[in-house]
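Below is one structure, written out as structure tokens; comments come after it.
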Amino acid sequence: MDFDLAREDDPRRAVIRTWLSENPHPTGRDLAEGGWVVPHWPAPYGHDADPIYQLVVDEELERAGVSRPSNPIGIGWAAPTILLAGTQAQKQRYLWPALSGEETWCQLFSEPDAGSDLASLRTTAQRDGDKWEINGSKIRTSGAHRSAFGILLARTDPDAPKRRGISYFICPMDTPGITMSPIVDMTGAHSFNQVFFSDARLPADCLVGEVGEGWRLAKATLANERVSLSSGGVLWGSGPTVEDLMDLLRSAGGIADPSMRQEAARVWAEGKILTLMRYRTLSARLSGATPGPEASVQKLLADEHGARVMALAKAVAGASGMLQGSGPSGPVPQRRRAGPTEIKSTVGRLDGVDPVWHYGWTFSPALTIGGGTWAVQRNIVAELVLGLPRDPAG
């Protein structure tokens, strides 16, 4: 595809500029109904935008100081799955509030005893009249304490092969029988939770797709997740980008140490490669393909890239990089503690969040675990991309 960016007089810029002039302070709902949250989606949710048009939209929104709603799991993972397999009633009920950020979502997939093998999940869903009764627990559920809904995988047929007895549900998080315990990570942030289900009853219309179709839908969700986690900022799509770091290093006069300068060139090149990979993935999605094993390749590269960006920032800071609130351009004042889905960076200044670089470095070991561990991603690449035999069982 052609990666040349649209010129300033491109008529597509005029479309978004006209809309922004008519909506100078748009709400999340305004942006969603205008088609600017997921511009690559078909109408009425988007504009069937090709990759270059999406870049135009991104540039024009940034120029106008307009931010899209923050609802990464709802917009990036739940909504595409509901669009793919949900009923018309489910699409009408859930898509607009998710895209507008009015209803936050979490993901109820991982379990304490399943390890990296998601298909070994034990949470059960049993049909009882017009309800599904849910029992079990989920772990490392990001933002569950702030979410209105979750996407839930549960076993509906315990006698079927493990990948065929799973179904996919929309789970209201205020359902009686759902409780949770906070998990505080090494950064000190409460981002994760363990969620418990004790005879929690979901309406029958919370089932997405057909009974037993959960594994297929989960793969679609996880592929979208891996694309989402490997986009934008280097902390799973949030936080600073490698370009933010390069801007800070240039403004500070560059790097004198040749080894550190070589590492800076390496991570910058990685960032460019990942950008091109995102364009290619986006092109495939626009042609109707769901993200496949290439999403695992992209996530593998993005996770390790994020860790290297944060390690470089710490190395540039020197000994002061060990102190909370430090960064590659010196200390920044402490304002508030933020989780990985809340961090936003500002190019050239680091006083907008607390503390983006130190937090990023302490959080970065999680990058190769969340959304599918590095080992799982390598197995997917080995089997589905390289054609190698499956890893022998246990």
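The values are calculated or read from the model by the stated rules, or taken from the named source; none is laboratory data. None of the values given here were measured: they were computed from a predicted structure. Please note: Cβ atoms are built from the backbone with ideal geometry, for glycine as well, and neighbour counts cover all protein chains shown.
Within the range 182-197, the set of residues being surrounded by 13 or more Cβ atoms within 10 Å (Cβ to Cβ) and either closer than 17 Å to S137 by Cβ or not assigned by TED's automatic domain parsing to the domain that holds R164 (or both) comprises I183, F192, N193, Q194, V195, F196, F197. Against the definition (among the basic types (K, R) and either modelled with pLDDT under 95 or exposed (fewer than 15 other Cβ atoms within 10 Å of the Cβ) (or both)), how does R155 come out, yes or no? So R155 fails the test. Evaluation of A32 against the conditions (1) crowded, with 18+ Cβ neighbours inside 10 Å; (2) out of contact with any Ser or Thr (no Cβ under 8 Å at 6 or more places or on another chain); (3) modelled with pLDDT of 95 or more shows that the sole unmet condition is (2). One residue stands out in the range 98-124 among those that are crowded, with 20+ Cβ neighbours inside 10 Å and in a helix (DSSP H, G or I): the one that is modelled with the lowest pLDDT, namely L118. With respect to the conditions (1) more than 20 Å from V208 (Cα to Cα); (2) of a type outside the set (G, A, S); (3) part of a helix (DSSP H, G or I), Q90 falls short on a single one, namely (1). W19 passes every criterion in (1) buried (at least 16 other Cβ atoms within 10 Å of the Cβ); (2) in contact (Cβ under 8 Å) with a residue 24 or more places away in the chain; (3) part of a helix (DSSP H, G or I) apart from (2).
Taken over the range 131-183, the criterion of being more than 18 Å from W105 (Cβ to Cβ) and in a loop (DSSP other than H, G, I, E, B) is satisfied by T156, D157, P158, D159, A160, P161, K162, R163, R164, G165, P176, G177. Within the range 206-218, being surrounded by fewer than 16 Cβ atoms within 10 Å (Cβ to Cβ) and in contact with a Lys or Arg (Cβ under 9 Å, 6 or more places away or on another chain) holds for one residue alone: V211.
Residues being among the hydrophobic types (A, V, I, L, M, F, W, C) and modelled with pLDDT of 60 or more are entirely absent from the range 335-351. The combined condition, being part of a loop (DSSP other than H, G, I, E, B), outside the structural domain of H145 (by TED's automatic domain parsing) and of a type in the set (A, V, I, L, M, F, W, C), is not fulfilled by A79. Every condition in (1) modelled with pLDDT of 95 or more; (2) crowded, with 16+ Cβ neighbours inside 10 Å holds for R127 except the one numbered (2). Could you pull out the residue among R12, R68 that is over 30 Å from I166 (Cβ atoms) and assigned to a helix (DSSP H, G or I)? Selected residue: R12, the only one of R12, R68 that is over 30 Å from I166 (Cβ atoms) and assigned to a helix (DSSP H, G or I).
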